[in-house]
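The values are calculated or read from the model by the stated rules, or taken from the named source; none is laboratory data. Fair warning: this is a prediction, and the values are worked out from it, not measured in the lab. Reconstructed Cβ throughout: ideal geometry from the backbone, glycine too, with neighbour counts over all protein chains shown. Protein only, heavy atoms only, side chains kept; ligands, DNA and RNA dropped before computing areas. Shrake-Rupley method; radii C 1.70, N 1.55, O 1.52, S 1.80 Å.
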Amino acid sequence: MPTQHSRIRTFEEYTDAYKRSVENPEQFWADVAEPFTWRRKWDTVVKADLVGGHNEWFSGAKLNITENCLDRHLATRGNKLALIWEPNDPKTRQIRYTYRELHQEVCRFANVLHNNGVEKGDRVCIYMPMIPQLAIAVLACARIGAVHSVVFAGFSATAIADRVNDAQATTVLTSDGLNRGARQIPVKRVVDEALETCPSVRRVIVVEHLGWPVHMEEGRDVWYHEEALEAEKSCPAEEMDAEDMLFILYTSGSTGKPKGVVHTQAGYMVWADYTFRNVFQVQENDIYWCTADIGWVTGHSYLLYGPLLSGASTLMFEGVPTYPSAGRFWEVIDKHGVNIFYTAPTAIRSLMATPLDNVLSYSLDSLRILGTVGEPINVEAWDWYHTHVGKERCPIVDTWWQTETGGIMISALGSISPLKPAHAGQPLPGVQPVLLTQEGKEIEGNEEEGYLAIKYPWPGMIRTTYGDHERCRQTYFGAYPGYYFTGDGARRDKDGLYRIIGRVDDVINVSGHRFGTAEIENAINENAYVVESAVVGYPHDVKGQGIYAFVICGEPVKPNQLSHVEASIIETVVAEIGKIAKPDKIQIVSGLPKTRSGKIMRRILRKVAEGEISNLGDTTTLLDPGIVEEIIAGKK
Ligand code: 6R9
């Protein structure tokens with residue numbers, strides 16, 4: 001039995017580990033899990049159910065993930081940097097926490113939660129900027145066994161309220177305001193608005209960040225810094241069952257309502273740590289930087305849990321890539337000596353569009369490994385990243401995974417795997433991908449394309465969708481019983497490397513953020529001018545996909561009213577979801593292409609939005625083919 005975490009170091013070791021993980025998953029994962037701190041070991045390694053979606057890992061085990069993130073490192077890494085915080089404004093002070101300091105801060109925050117009535121199993125919604133207290137708050141929830149539900153601090157009041165109500169959260173953690181580049185946003189005000197419709201919330205704990213005056217609701221709202229004065233510095237970790245909920249994270253699917261993806265304690269822990277250590281080939285003195293916000297799954301698994309579980313030094317950045325200049329990422333890398341850098345293709349594409357001097361004026365000597373996540377990376381962006389950031393010296397790990405998978409599924413492992421631009425590569429040990437035909441038949445051999453599915457459980461997989469297991473079953477296991485269905489299409493090349501092509505469902509990926517087309521349509525339809533709408537994605541140079549909305553209004557819109565109506569629709573979407581879901585193009589139409597049974601033919605709208613009007617396919621089933629001509633003529 002291994003007593004220490006090991007890392008795959010050569011391609012042969014990878015091949016061997018992969019083989020073992022498929023031949024005997026129980027033994028393989030028992031070995032990987034062994035070195036963690038367990039209060040009690042498991043009875044069963046895995047209970048697999050890819051039909052009903054009732055999968056379990058390490059059942060019977062007892063643990064606390066924060067003992068594994070923090071306590072267990074204290075003896076050997078107590079003075080090592082755990083968390084480095086780089087502020088939005090480079091002229092203000094960075095903050096650094098050693099493992100010992102972070103442990104203490106997490107315990108203090110955990111006591112504040114306790115003192116404010118938060119108990120094991122309670123759901124806590126966290127709506128905070130990228131400040132150290134966000135990381136601390138997440139871990140504090142895990143420390144006492146409360147379920148965290150982090151909501152990205154760019155979502156609107158309505159979106160917060162939906163998530164709070166779905167999870168029946170009792171507590172909200174927030175801040176007075178936030179910095180995003182040159183802008184400042186009154187976060188607490190957004191929370192106040194949201195909570196007007198959230199009766200389950202008893203307590204709001206506010207972290208002071210900008211020093212802004214905010215409304216404090218008597219009997220409901222308290223300041224963190226005041227509560228912290230009375231809180232003890234030590235806090236025993238709650239003993240959790242392997243399959244107790246660790247967190248909920250809302251993500252979009254093809255239906256209108258985002259779903260709360262549930263991850264549990266032990267499997268998620270083992271998966272986040274194993275994938276982090278191997279994909280990024282982390283060495284003891286590395287400084288690691290993941291630019292994702294903790295509001296997304298990448299921030300959960302690879303800014304916070306993965307790095308801390310592995311005892312790494314993780315950097316957290318409050319700002320944006322373009323503030324105060326488009327050289328900010330590279331400046332931060334040089335300033336902190338970052339060795340491993342993990343970001344999204346959309347960030348690379350937006351920086352590529354700025355003068356090359358922004359990157360060439362930094363040395364970037366410390367970099368050893370680069371990563372991308374969130375969407376397919378096009379060859380042009382890959383080349384730019386490889387040449388100008390990695391100086392042709394650093395491998396790029398293109399990591400494919402999802403909120404539902406908990407951690408990386410298909411990726412190169414540092415420099416030990418074959419690299420091919422725009423290809424995620426090979427599955428991690430424990431991941432058994434297959435390509436399926438639309439009818440659900442496995443496609444054998446290479447140089448093939450199909451629906452990407454996974455045919456054996458892995459420790460970090462989704463356990464349920466909060467409050468509605470049937471939805472989880474249907475979405476992920478219902479399409480092809482016996483497989484986890486990813487919603488992505490993929491191609492396997494001649495060497496067995498996977499290239500992810502994109503979603504095959506009604507999900508669009510805008511700057512690495514997932515939205516259901518129905519979700520955006522629902523928002524647009526809230527607007528008073530609008531009767532009906534249809535949203536599709538189209539290729540966008542920087543965002544990967546842009547949002548194209550075809551909208552039918554109740555009254556004819558005169559040309560001089562057009563910009564007003566469009567602005568009004570955008571305002572509605574911002575209020576319903578948030579700025580990140582703003583349509584890039586709105587086209588007012590008098591009708592939508594529908595079949596006789598009333599179904600919108602999105603295939604046609606997608607072609608129009610993509611500008612591929614010469615090849616619209618079969619339009620004979622349309623109720624009113626004339627409408628297509630009108631839509632083409634008015635294309636934006
Ligand atoms: C981690 C994360 C998941 C969807 C996924 C796929 C796309 C993610 C990708 C990628 C191509 C990659 N995606 N990584 N596509 N190459 N390396 O992004 O989770 O927000 O749930 O999105 O993102 O379409 O299905 P999430």
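Number of residues in the stretch 584-610 that are within 21 Å of N509 (Cβ to Cβ) and open to solvent by 40 Å² or more (accessible area, probe 1.4 Å) equals 7.
Highlighted here would be strands (runs of 3 or more DSSP E) found entirely within the stretch 205-267 that include at least 2 residues which are in the same structural domain as K188 (by TED's automatic domain parsing), without any contact (Cβ under 8 Å) to a residue 12 or more places away in the chain and within 16 Å of the ligand (Cβ to nearest atom), but there are none. Here the strands (runs of 3 or more DSSP E) wholly within the stretch 309-398 that include at least 2 residues being within 16 Å of the ligand (Cβ to nearest atom) and among the hydroxyl-bearing types (S, T, Y) are 340-343.
Here is a yes/no grid of residues against (1) of a type in the set (S, T, Y); (2) in contact with a strand residue (DSSP E or B) (Cβ under 8 Å, 6 or more places away or on another chain); (3) farther than 26 Å from N358 by Cα; (4) open to solvent by less than 10 Å² (accessible area, probe 1.4 Å):
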position	(1), (2), (3), (4)
Y385	yes, yes, no, yes
V397	no, yes, no, yes
W400	no, yes, yes, no
T403	yes, yes, yes, no
L419	no, yes, yes, no
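Within the stretch 276-303, the only residue that satisfies the criterion of being of a type in the set (F, W, Y), crowded, with 24+ Cβ neighbours inside 10 Å and within 11 Å of the ligand (Cβ to nearest atom) is Y302. Based on this model, can you work out whether E56 counts as under 27 Å from C472 (Cβ atoms), of a type outside the set (S, T, N, Q) and in contact with a Gly (Cβ under 9 Å, 6 or more places away or on another chain)? For E56, the condition - under 27 Å from C472 (Cβ atoms), of a type outside the set (S, T, N, Q) and in contact with a Gly (Cβ under 9 Å, 6 or more places away or on another chain) - is met. The requirement of being more than 30 Å from V332 (Cα to Cα) and touching a strand residue (DSSP E or B) at 6+ places or on another chain (Cβ under 9 Å) is not satisfied by V22. The residue list V46, V51 contains one member that is more than 30 Å from R202 (Cβ to Cβ), crowded, with 16+ Cβ neighbours inside 10 Å, in contact with a Pro (Cβ under 9 Å, 6 or more places away or on another chain) and not acidic (D, E), which is V46. Among the residues of the stretch 217-227, those identified as surrounded by fewer than 17 Cβ atoms within 10 Å (Cβ to Cβ), farther than 26 Å from T92 by Cβ and of a type in the set (D, E, K, R) are E217, E218, R220. Evaluating V565 against the criteria (1) touching a strand residue (DSSP E or B) at 6+ places or on another chain (Cβ under 7 Å); (2) open to solvent by 50 Å² or more (accessible area, probe 1.4 Å); (3) over 29 Å from D488 (Cβ atoms) leaves one unmet condition, (2). Does W29 fit the bill of being among the aromatic types (F, W, Y), in a loop (DSSP other than H, G, I, E, B) and buried (at least 20 other Cβ atoms within 10 Å of the Cβ)? It is false that W29 is among the aromatic types (F, W, Y), in a loop (DSSP other than H, G, I, E, B) and buried (at least 20 other Cβ atoms within 10 Å of the Cβ).
This table checks each residue for (1) of a type in the set (D, E); (2) open to solvent by 20 Å² or more (accessible area, probe 1.4 Å).
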{"site": "S175", "(1), (2)": "no, no"}
{"site": "V190", "(1), (2)": "no, yes"}
{"site": "E196", "(1), (2)": "yes, yes"}
{"site": "H215", "(1), (2)": "no, yes"}
{"site": "L229", "(1), (2)": "no, yes"}
{"site": "P236", "(1), (2)": "no, yes"}
{"site": "E239", "(1), (2)": "yes, yes"}
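Within the stretch 43-58, is even one residue in contact (Cβ under 8 Å) with a residue 40 or more places away in the chain and in a helix (DSSP H, G or I)? There is no residue in the stretch 43-58 that is in contact (Cβ under 8 Å) with a residue 40 or more places away in the chain and in a helix (DSSP H, G or I). Do you know which residues across the stretch 331-375 are among the β-branched types (V, I, T), more than 17 Å from the chain's Cα centre (by Cα) and open to solvent by 10 Å² or more (accessible area, probe 1.4 Å)? Hit for the stretch 331-375 is T354, nothing else.
Table: residues versus (1) under 22 Å from A237 (Cβ atoms); (2) open to solvent by 30 Å² or more (accessible area, probe 1.4 Å).
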site	(1), (2)
R7	no, yes
F58	yes, no
N64	yes, no
A75	yes, yes
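Of all residues in the stretch 495-538, those that are hydroxyl-bearing (S, T, Y), surrounded by 20 or more Cβ atoms within 10 Å (Cβ to Cβ) and more than 30 Å from A422 (Cβ to Cβ) total 1. The set of residues in the stretch 462-471 that are away from the ligand (no atom under 12 Å from the Cβ) and surrounded by 22 or more Cβ atoms within 10 Å (Cβ to Cβ) comprises R463, T464, T465, Y466. Taking the stretch 199-213 as the range and being open to solvent by 70 Å² or more (accessible area, probe 1.4 Å) and hydrophobic (A, V, I, L, M, F, W, C) as the test, only W212 passes.
Out of the residues in the stretch 313-330 meeting the condition of being without any contact (Cβ under 8 Å) to a residue 60 or more places away in the chain and within 18 Å of M130 (Cβ to Cβ), tell me which one is most open to solvent (accessible area, probe 1.4 Å). By that ranking, first place goes to P321.
Of all residues in the stretch 98-124, those satisfying the criterion of being among the polar types (S, T, N, Q), outside any loop (DSSP other than H, G, I, E, B) and open to solvent by less than 40 Å² (accessible area, probe 1.4 Å) are T98, N111.
Taking (1) within 25 Å of the chain's Cα centre (by Cα); (2) outside any helix (DSSP H, G or I) in turn, R93 satisfies each apart from (1).
For the stretch 421-461, the candidate set comprises residues that are within 16 Å of the ligand (Cβ to nearest atom), in a loop (DSSP other than H, G, I, E, B) and open to solvent by less than 10 Å² (accessible area, probe 1.4 Å); within that set, the residue that is nearest to E12 (Cα to Cα) is L428. Residues in the stretch 271-281 that are under 21 Å from the mean Cα position of the chain (by Cα) and assigned to a loop (DSSP other than H, G, I, E, B): F280 only.
Of all the listed residues (D488, D493), the sole one being within 21 Å of the chain's Cα centre (by Cα) and among the acidic types (D, E) is D488.
None of V589, V608 is over 30 Å from A161 (Cβ atoms), touching a Leu at 6+ places or on another chain (Cβ under 9 Å) and at pLDDT 90 or above except V608.
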